[in-house]
Amino acid sequence: GQQLNQSPQSMFIQEGEDVSMNCTSSSIFNTWLWYKQDPGEGPVLLIALYKAGELTSNGRLTAQFGITRKDSFLNISASIPSDVGIYFCAGAAGFQKLVFGTGTRLLVSP
Amino acid sequence: DAGVIQSPRHEVTEMGQEVTLRCKPISGHNSLFWYRQTMMRGLELLIYFNNNVPIDDSGMPEDRFSAKMPNASFSTLKIQPSEPRDSAVYFCASKPLGQGFRQFFGPGTRLTVL
């Protein structure tokens, strides 16, 4: 099935550092979403983006919907240990269906 | 409020056995989605329902897989017969029909087929 490419695949950072990750596609999407998955749990929605160029924040998280509609970015500022997990982007492909990215695994060292 | 409920959380079975995974969506949500997650293929949509009716089952890998939603509060995903390559985490998600793309995921069922 179709997948979105996320980079980096994994990151190991120190607590307090800022984090940036992105998601790219060969197809245009009209909605982008970012999810976080903790070990042994299902993905939890962090941010939803609905317009090209949109910049949306949720606490220390900021996400942007790329102008070309083929990419999206997620930034986490001042990381803390509980930010550890896998971050997935998802693009809305047609009515209700989501295509998920390959994931970025984040590890935060105290 | 209760989120999406899935059972069992873990299932270990032998090749050839029938496996049934269960999902209770969030009350009032009338769209339900079944996903499979593996290291190799990531999160894949298998099938989704609107108002208990299957809308798109193009992601169902083979005839060995079937899904039903007999009522608004219950869905099953069945694999018969199971094979080792079916080992994965299976997620159920739900959302209100017509309200964008914000899907709410259950905790998943980790299936191991020996």
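The values are calculated or read from the model by the stated rules, or taken from the named source; none is laboratory data. Small disclaimer: the values here were computed from a predicted structure and weren't measured. Neighbour counts are summed over all protein chains in view; Cβ atoms, including those assigned to glycine, are modelled from backbone coordinates with ideal geometry. Just so you know, the surface numbers come from the protein's heavy atoms only, side chains and all, with ligands and any DNA or RNA stripped out. Shrake-Rupley method; radii C 1.70, N 1.55, O 1.52, S 1.80 Å.
A few remarks follow.
- Number of positions in the stretch B:98-114 that are at the interface with chain A (Cβ under 7 Å from one of its Cβ atoms) and assigned to a strand (DSSP E or B): 1
- The set of residues from the stretch A:27-59 being surrounded by 13 or more Cβ atoms within 10 Å (Cβ to Cβ) and among the aliphatic types (A, V, I, L, M) comprises A:LEU33, A:VAL44, A:LEU45, A:LEU46, A:ILE47, A:ALA48, A:LEU49, A:ALA52.
- Checking each residue in the stretch B:1-27 for being open to solvent by less than 40 Å² (accessible area, probe 1.4 Å) and among the β-branched types (Val, Ile, Thr) picks out B:VAL4, B:THR13, B:VAL19, B:THR20, B:ILE26.
- Scanning the stretch A:4-26 for residues that are open to solvent by 70 Å² or more (accessible area, probe 1.4 Å), over 17 Å from A:THR102 (Cβ atoms) and part of a strand (DSSP E or B) turns up A:PHE12, A:GLN14.
- Tally of residues being open to solvent by 30 Å² or more (accessible area, probe 1.4 Å), more than 10 Å from chain A (Cβ to nearest Cβ) and on the phi < 0 side of the Ramachandran plot across the stretch B:40-55: 3
- Looking only at the stretch B:56-67, residues that are outside any strand (DSSP E or B) and either in contact with a His (Cβ under 7 Å, 6 or more places away or on another chain) or within 11 Å of chain A (Cβ to nearest Cβ) (or both) come to 3 in all.
- Selected residue (criterion: modelled with the highest pLDDT) from residues of the stretch B:23-51 that are closer than 13 Å to B:GLN103 by Cβ and of a type in the set (Ser, Thr, Tyr): B:TYR35
- Of the strands (runs of 3 or more DSSP E) that lie entirely inside the stretch A:27-110, those containing 1 or more residues that are modelled with pLDDT under 95, farther than 13 Å from A:LEU4 by Cβ and more than 14 Å from chain B (Cβ to nearest Cβ) span A:104-109.
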